[in-house]
Amino acid sequence: MRHKSGNGHTVDVQKFMEDIKAVVHDGEQLLKVGARELKGKAITTAKSTDKMVRSHPYQTLGIMLGIGLIVGLLANGAFSGGGEEFEEE
């Protein structure tokens, strides 16, 4: 068992490494659980959206057309050099 001393304190390197491994393992488990929950919510939302779109296809088409028109107008204004420069004569 290695011991390292510095600043008057004795540190058990083996114990420290085991503690770090335990913390990393717990973090991995928390991430896996969070990802599993997020995936479940995403699937539920996608199914709900699919059901709504299939029950109201024309309204959905109109909404998407309107959103596309607004985004297109905003993009056109942003990329057309919206700021006009005044020339002095």
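The values are calculated or read from the model by the stated rules, or taken from the named source; none is laboratory data. None of these values were measured; they are calculated from a predicted model. Cβ coordinates were reconstructed from backbone atoms using ideal geometry, including for glycine residues, and neighbour counts include every protein chain displayed.
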Item checked: Filtered residues of the range 62-78 (kept if more than 27 Å from the chain's Cα centre (by Cα), modelled with pLDDT under 95 and not polar (S, T, N, Q)) -> Leu73, Gly77
Notebook entry, point to check: Pairs, please: C-beta under 8 Å, at least 6 apart or cross-chain, first residue assigned to a helix (DSSP H, G or I) and in the range 13-36, second surrounded by 10 or more Cβ atoms within 10 Å (Cβ to Cβ) and charged (D, E, K, R)?
Noted result: Val13/Lys4
